[in-house]
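Just so it is clear, none of the values below were taken in a lab; they were calculated from the coordinates. Note that the coordinates shown come from a computational prediction; the quantities given were computed from them, not determined experimentally. All Cβ positions, glycine included, derive from the backbone under ideal geometry; neighbour counts span all protein chains shown.
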Amino acid sequence: MKILLFSTYRTGSHTLMDWLCGELGLTKISELEDINVDDNFIVKRTLDHLDFDFEEECKNYDKVIILYRKDTLKQAESNFYATRHRVWHRIKYELSQEDIDGNFHDIKSVKGMFDTNNLYFNNVAVDNCLKVTYEDIFYEGIGQKEIEDYLEFKSKNKLQNLENKLRVDNNTLNLQYQEIIKKDNTEYQKPKKLI
């Protein structure tokens, strides 16, 4: 089986890929790697690496999963932390109010980029494609069943568990900051390569 996982940063894509590789015996190919196998693999691609016609490219795969995150504010905060600390996977972390206060505009800008990415993901039309969110998988617990049904298998391991939730929420972040970012969604313009 050839699976294309199309997503953005900080969506749980590597956790999902690791889980599927363990369950289905697939080879994992990250977003920066070339495909060097003929079958039984999952490859991740992002909008940053969209130098091909996405809808046409999907025809080369048996299954296509589009993974995105509804809460783009938390996604942007996660991206800020990962970029700042150069830690991308499997490390528990906690954001402080100091982190937020000192990087407000950067986080807001990245959130706008993720909002634009979500518009693209929600509007792309591909046959035989599953669109699933980070929240479906890691919070609501419905994403795993959707993936299992789509790929026609029953897993041995649970994808939604506390080990896969890396952010430690301290729930003390400034609510005014959160409200300012949430209501400013309309200020962002689509990046040129999506127009």
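Each of 29, 35 was scored by other Cβ atoms within 10 Å of its Cβ. Arranged with the fewest first, they read 35, 29.
Rank these for me by crowding, 139, 81, going from fewest to most other beta carbons within 10 Å.
Working: 139 14, 81 20.
Placing the least packed residue first, the sequence is 139, 81.
Please arrange 69, 45, 84, 10 by how many other C-beta atoms lie within 10 Å of their C-beta, fewest to most. Walk me through the intermediate numbers first.
Working: 69 27, 45 19, 84 11, 10 24.
Ascending Cβ contact count within 10 Å gives the list 84, 45, 10, 69.
Close amide-amide hydrogen proximity is noted between residue 31 and 44, each under 5 Å apart and 5 or more residues distant or on a separate chain (H modeled in the peptide plane; Pro and chain starts excluded). Here the Karplus relation 6.51 cos²θ - 1.76 cosθ + 1.60, evaluated at θ = phi - 60°, turns the backbone of segment 70-81 into coupling constants of 5, 7, 6, 5, 5, 5, 5, 5, 5, 4, 4, 4 Hz, with x for every Gly and Pro. With a simple spin-label model that places each label point 7 Å from the Cα along the Cα-to-Cβ direction, the separation between residue 39 and residue 139 comes to 4.0 nm. Between residue 24 and residue 70, the modelled label-to-label distance comes to 2.5 nm, taking each label 7 Å out from Cα in the direction of the beta carbon.
What does the extension gain come out to for residue 149 and residue 62, with contour length at 0.36 nm per residue minus their alpha carbon separation? Don't skip to the end; give the middle numbers.
On the way: separation 87, 0.36 × 87 = 31.32 nm, distance 1.43 nm.
Stretched out fully, the residue 149 to residue 62 stretch lengthens by 29.9 nm.
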